[in-house]
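What follows is calculated from the coordinates using simple rules that are stated; it is not laboratory data. Just so it is clear, the model here is predicted, and its values are computed rather than measured. Ideal geometry is used to build each Cβ from the backbone, glycine not excepted, and the neighbour counts take in all protein chains shown.
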Amino acid sequence: MVIRLASLDMYRKVPLDLLEGTRRGSILSTVAILTMSTLFFLETKAYFSSTLGTSLALDSNQDPTVRVNFNITMMDLKCEFATIDAVSVLGTQQNVTKHITKFPIDQNGVRQGFRSRNRDQHDVLLFDAGVEETIEELHADGEDAVSLEDTTLQVALTENTYVFVDFFANWCSHCRDLAPTWETFAEVMYIAAEHRVDSQLEKDPNHPGHRYTDAEYDEAVKVELPVFIGKVDCVDHADLCMRYNIQAYPTLKFFVDGKEVGDYRGHRTVLELTHFISDMEKEHKGKNAVIKAEGAADFAAERTIQTPEHEELARALSAGRHRIKHSWNDEDHPGCMISGFLQVDRAPGNFHIQAQSKAHDLAAHMTNVSHIINHLSFGKPFSKQFLSYGLKNTPPGFLESTRPFDGNVYVTHNEHEAHHHYLKVITTEFEPGKGETRQQVVNGIYSREPNRAYQILQSSQLSLYRSDIVPGEFI
């Protein structure tokens, strides 16, 4: 029985003298070892590394709107004329003023200090309702606002210390509304000058009564005239208006000693215009000097304030007069940087930057919408900290695909042209790396970093406009 158990061996070994190595077996063994080592290395590497996976699916984004972030520099468009409108196929159309900031840009492209926001000019009175006569009735006894052309304008600038010129177009509705006010304003200036001459004659013991000839009296009135009032029709004198960079009608320019000192941006009433002349004269001569326009305000009030409502309006306008700044040098401020964001419908549509004004009719041929897109993107912006590490798992060039316009320059070389930019916005969701924080601090409050971005497929086209349409930049 013991012998039988000893002979029972299920794990018998082959004697070594029966084993024989072969070359084929050595080769197969070597290949097997290399294969297993390679597989072990690759599996270990894959285990400790992340992989990039992409999939195409229907958009599950339920947000009704999307945020548009932009910073655009208009090279030759004043901030006061630059407006932003958003339009969608859902019927939404709005003039955007919230979250928009404008900075004037000097001739070297350097941003100036904070100056203005995107506000409508709804508070500027475009003409004086107290002037009830038509322009034809005011011209019945002659024109007090002198019509000028290139030569006569230069003569006026040479012979007069102060010159105030209305650059207008005969087709402009705002200009036609202003014409009676401007003529009445010129008439008030002449009345003030005549009053000063008559007062001097009465006070002069050597000249009791009026002893001037008509020609001498007219010359004396010209000497006492507070300001020379003129007007230039830019339709008939387009080259002259282009030389003075007239981009909108009417433009009221003030000159001192032959040099342009700024545009008038206040209320276009006779009384406010008169106060403006008085203020400019005090600024130029000094407060202690004799101010020829000082008494003109009384004549302006007598001429235009007919009712208690007119008097109340004049008092209200006077309260805000000194908050309006008129000085502006076109040579130093040719452009405008527009920065901010807006919420638009997640539907086909556009937003555009265009030259508009409630107080002016713009000259289409003088509107240049050449621009630089400093930044344009969609969605909630990433923090700088998140940009440095949070996008490690995204494909190469992913961040650039969300802002393809950044740094692009679009220049129009001819009149009645503008660039239109066409965008296809694609919602892209991604996952930051494992263990990476997704918190950002905004005004001391922690908020979750977005895991959604919007890639942009873009194309641009130079579009032509009719000669009577003001061009604009469409996106």
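Listing for the model above:
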| quantity | calculated |
| --- | --- |
| Segments 351-358, 154-161, 64-71, 182-189 sorted - mean Cβ within 10 Å per residue, highest first | 182-189, 351-358, 64-71, 154-161 |
| For segment 177-191, Karplus couplings with θ = phi - 60° (6.51, -1.76, 1.60), whole Hz, Gly/Pro x | 5, 7, 3, x, 5, 5, 5, 5, 4, 5, 5, 5, 4, 5, 4 |
| Of K231/K282; K102/K424; K78/K358; K231/K253; K78/K253; K102/K380, pairs whose Cα-Cα distance is over 18 Å | K231/K282; K102/K424; K102/K380 |
| Order by protection proxy (mean Cβ within 10 Å, highest first), peptides 224-234, 35-45, 399-409 | 224-234, 399-409, 35-45 |
| Highest-first arrangement of 259-272, 373-386, where packing means the average Cβ count within 10 Å | 259-272, 373-386 |
| Per-residue HN-Hα couplings for segment 160-169 [Karplus 6.51, -1.76, 1.60; θ = phi - 60°; Hz; x = Gly/Pro] | 10, 5, 10, 9, 10, 10, 9, 8, 9, 10 |
